[in-house]
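This report refers to the structure that appears directly beneath it.
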Amino acid sequence: MPSIWEYADQVAAGDTGSWRVATLRAAILLAPTHPVIVLPSRFPVHQVLVQTTSLVVYGRTHGSGVPGHVVSGPELAAWVTEHALPGPDSAPGNLAAAVRHLLDGVASMLRAAGHRIPEPGLRSLRRHSPDPVVQQWHDLADVDEAFPGPLMCLGVAAMSDTFGPAIV
């Protein structure tokens with residue numbers, strides 16, 4: 001089992017700039033509850049948690065327009081509350097709208113940070129980007145038969161379990 005730090009380094013994908021800083025900030029925020037990454041046999045919950053948290057930390061940091069902004073756990077809890085997906089008893093249209101709201105929100109943050117974020121599509125080897133932020137977007141927003149929606153939905157659910165709902 002890799003440590004959270006080793007896995008954050010893998011998620012950074014060799015980047016030495018702001019993406020790496022975001023993955024390390026995500027590790028700092030996750031380390032108290034997830035010091036190691038459990039490698040699953042089916043659903044990569046811990047990996048997707050680190051990837052999604054890194055993407056949200058990056059977007060909140062660099063898409064906010066506030067120089068030097070440092071994302072906190074309570075800030076992530078508030079973000080998760082705003083982007084929470086409805087439960088299984090929700091009408092299908094509500095779930096689809098919530099997934100679209102989640103994807104649009106993350107894409108908007110990443111675009112504000114200066115990245116060319118494409119619409120989600122079918123996962124394939126042709127949907128590759130040398131930009132590690134865009135590649136992470138592909139990994140979390142694109143879909144295939146293995147999971148019935150974008151993996152980002154799993155990541156946001158894991159973030160909710162980790163950071164809890166925001167107190168309003």
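Checked against (1) under 27 Å from Ser129 (Cα atoms); (2) open to solvent by less than 50 Å² (accessible area, probe 1.4 Å), Val70 meets all criteria but (2). Listed by first and then second residue, the pairs with beta-carbon distance under 8 Å, at least 6 apart or on different chains, first residue in the range 92-104 and at positive phi and modelled with pLDDT of 90 or more, second surrounded by 13 or more Cβ atoms within 10 Å (Cβ to Cβ) and hydroxyl-bearing (Ser, Thr, Tyr), form an empty list.
Counted as qualifying within the range 87-168 are the helices (runs of 4 or more DSSP H) with 2 or more residues that are open to solvent by 50 Å² or more (accessible area, probe 1.4 Å) and of a type in the set (A, V, I, L, M), namely 92-112. Of Leu55, Leu30, all but one fail to be under 18 Å from the mean Cα position of the chain (by Cα), modelled with pLDDT of 95 or more, closer than 18 Å to Ala107 by Cα and surrounded by 21 or more Cβ atoms within 10 Å (Cβ to Cβ); the exception is Leu55.
Only one of Ala113, Ala98, Ala8 is more than 13 Å from the chain's Cα centre (by Cα) and under 16 Å from Gln135 (Cβ atoms); which? Before the answer, list the steps.
Details: Ala98 fails: under 16 Å from Gln135 (Cβ atoms); Ala8 fails: more than 13 Å from the chain's Cα centre (by Cα).
Among Ala113, Ala98, Ala8, only Ala113 is more than 13 Å from the chain's Cα centre (by Cα) and under 16 Å from Gln135 (Cβ atoms).
Against the list (1) open to solvent by 60 Å² or more (accessible area, probe 1.4 Å); (2) touching a Gly at 6+ places or on another chain (Cβ under 8 Å), the condition Ala77 fails is (1). Among the criteria (1) modelled with pLDDT of 95 or more; (2) of a type in the set (A, V, I, L, M); (3) open to solvent by 20 Å² or more (accessible area, probe 1.4 Å), the one Val45 does not fulfil is (1).
The values are calculated or read from the model by the stated rules, or taken from the named source; none is laboratory data. Note that this is a predicted model, so its numbers are computed, not measured. Cβ atoms come from the backbone with ideal geometry, glycine included; neighbour counts cover every protein chain shown. The area values use the complete protein model at the heavy-atom level, side chains included, leaving out ligands, DNA and RNA. Shrake-Rupley method; radii C 1.70, N 1.55, O 1.52, S 1.80 Å.
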